[in-house]
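To start, the structure under review is shown below, and the notes come after it.
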Amino acid sequence: MNDQTKVTGVILAGGMARRMNQQDKGLVKYKGRPMVAYAIEAMRAVTGNLMINANRNEAEYRAFGFPVIADQTQTFDGPLAGVLSALCSTDGDVLVIMPCDSPLIQPQHLQRLLTERAEADADIAVAYDGERLHPVFLALKTGLKDSLEQYLNSGERKIDRWLEQHALVKVNFSEQPEVFQNINTLSDLEQLEAEVHE
């Protein structure tokens, strides 16, 4: 990847977590550490410029030492609202994005998104596990801000539909789809901890 490209990382932690009994997923502990800590670890290896998108518990997130940005609306409009806030808060060229609730993601997975987007000179690189997209794992050009703003202002929320409007490269992780496991419920958390301990 071109070293001149300024990369900003954003961790999406702005959801309501309805299926997690309203607990803030990024602060829920997995193997003794808040889930957002795993995302921070993965991100720090690919960018020194990192922010966390959160709409509650801002002080707890700020304690990790990175800027915390909220959505521009207070209606919990989904992941794209967090992406838009990040696009409005960076002067970088590329944004790399992951959610706070996928603790198996490693730096090399994020680096592949960045590298394959750059090699293809695509607008967006999205993770693909051989069967489906994982549309909250992205690398995208920050010049897409106006497009995303218009999309959200039109009332749209679906990520896939917005992605398809742009030059898109699917980064194939079919050899290790399990890294995209995300924790939506407390039973997901228990199951993943059990699998890792086996």
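Just so it is clear, none of the values below were taken in a lab; they were calculated from the coordinates. This is a predicted model, so every value here is computed, not measured. No Cβ is skipped: glycine too gets one built from the backbone with ideal geometry, and neighbour counts run over all protein chains shown.
Listed values, structure above:
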quantity: Length-normalised contact order for the chain - Cα pairs under 8 Å, 6+ apart - percent; calculated: 24 percent
quantity: Protection proxy ranking, peptides 166-173, 138-145, 152-159, 77-84, average beta carbon neighbours within 10 Å, highest first; calculated: 77-84, 138-145, 166-173, 152-159
quantity: Global geometry of region 79-143, whether rounded, prolate or oblate, following the gyration tensor of its Cα atoms and the 1.5 cut on a/c; calculated: oblate
quantity: Fraction of beta bridges assigned by DSSP in region 30-179 that are antiparallel (%, nearest 5); calculated: 60 percent
quantity: Residue-span extension gain [residue 131 to residue 164] - 0.36 nm each, minus C-alpha spacing; calculated: 10.2 nm
quantity: Eligible lysines near residue 6 by straight Cα distance, threshold 18 Å, same-chain separation 8 or greater; calculated: 141, 145
quantity: Whole-number percent relative contact order across region 34-78, with pairs defined as alpha carbons under 8 Å at least 6 apart; calculated: 32 percent
quantity: Cα centroid separation - region 37-101 against region 130-175, whole Å; calculated: 17 Å
quantity: Of the DSSP H helices in the chain, those whose Cα atoms cover at least 30 Å axially and whose Kyte score averages -0.5 or more; calculated: none
quantity: Förster-model FRET efficiency, 25 Å R0, residue 146 and residue 58, C-beta, rounded to 0.05; calculated: 0.40
quantity: Extension gain (nm, one decimal) between residue 41 and residue 70, 0.36 nm per residue minus Cα-Cα; calculated: 8.3 nm
